[in-house]
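Here is the structure we will look at.
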Amino acid sequence: MSTDNRIVSIIDDDKDITVLFQVALRSIGRIRILTFTDPILALEHFLFNDHTYAAVVCDSKMPGLNGMELLKKMKDLNQFVRTILITGYAMDQDLFMQYAKKRIINGFLQKPIRLNDLRDEVNNQLLAYESDKKNILPND
């Protein structure tokens, strides 16, 4: 299975960040990039389109629903979606490690983020997505 027409979502309450990341990821190709500044709207979109999501890049601190809880909800709906948590703040390390062990969080980037690091991490997660889908659903 390829990532053609698969969604990569960027979720951050800072619109400038979503625009910057969207522009940076356009060079990857074979993906559709969606951006959200509201985690609740992002989750609503995911609820109806979870099978088309390949990866989610999500800020950890947002009003209404924090990034780790949002990623957990998404993983509960689609175990294959790859998740990247981004933050500029200190986090609850115990909870982060628990989520990482359970593969709720697949990747992590600390702000400020170099755009090359973002592209590399998204590419790595897309490769892992393809591999996971191929190994679990070989005839898909």
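Read-outs: derived from the displayed coordinates by stated rules, not from any lab. The structure presented is a predicted model; accordingly, all values stated were derived computationally and were not measured. All Cβ positions, even for glycine, are placed from backbone atoms using ideal geometry, and neighbour counts span all protein chains on display.
Restricted to the range 37-48, and to residues that are under 19 Å from Asn106 (Cβ atoms) and out of contact with any Pro (no Cβ under 9 Å at 6 or more places or on another chain), which residue is surrounded by the fewest Cβ atoms within 10 Å (Cβ to Cβ)? Of everything passing the filter in the range 37-48, Leu43 is surrounded by the fewest Cβ atoms within 10 Å (Cβ to Cβ).
Quickly run through the range 16-50 and pick out the residues that are of a type outside the set (A, V, I, L, M) and under 22 Å from Asn116 (Cβ atoms). Correct list: Asp16, Thr18, Phe21, Gln22, Arg26, Ser27, Gly29, Arg30, Arg32, Thr35.
Mind checking whether some residue in the range 83-93 is more than 17 Å from Ile7 (Cβ to Cβ) and in contact with a Pro (Cβ under 8 Å, 6 or more places away or on another chain)?
Pass one, the range 83-93, residues more than 17 Å from Ile7 (Cβ to Cβ): 85-93.
Subset that is in contact with a Pro (Cβ under 8 Å, 6 or more places away or on another chain): 88.
Yes; the residues of the range 83-93 include at least one that is more than 17 Å from Ile7 (Cβ to Cβ) and in contact with a Pro (Cβ under 8 Å, 6 or more places away or on another chain).
The residues listed here are Lys73, Lys101; of these, the one that is over 16 Å from Ile7 (Cα atoms), of a type in the set (Lys, Arg) and either exposed (fewer than 12 other Cβ atoms within 10 Å of the Cβ) or in contact with a strand residue (DSSP E or B) (Cβ under 7 Å, 6 or more places away or on another chain) (or both) is Lys101. Number of residues in the range 4-16 that are crowded, with 20+ Cβ neighbours inside 10 Å and either out of contact with any Gly (no Cβ under 8 Å at 6 or more places or on another chain) or part of a helix (DSSP H, G or I) (or both): the value is 6.
Could you tell me whether the range 37-52 includes any residue that is in contact with a Phe, Trp or Tyr (Cβ under 8 Å, 6 or more places away or on another chain), closer than 21 Å to Glu130 by Cβ and of a type in the set (D, E, K, R)? Within the range 37-52, not a single residue is in contact with a Phe, Trp or Tyr (Cβ under 8 Å, 6 or more places away or on another chain), closer than 21 Å to Glu130 by Cβ and of a type in the set (D, E, K, R). Can we say Lys61 is in contact (Cβ under 8 Å) with a residue 24 or more places away in the chain, crowded, with 19+ Cβ neighbours inside 10 Å, over 16 Å from Asn124 (Cα atoms) and among the basic types (Lys, Arg)? Spelling it out, it is not the case that Lys61 is in contact (Cβ under 8 Å) with a residue 24 or more places away in the chain, crowded, with 19+ Cβ neighbours inside 10 Å, over 16 Å from Asn124 (Cα atoms) and among the basic types (Lys, Arg).
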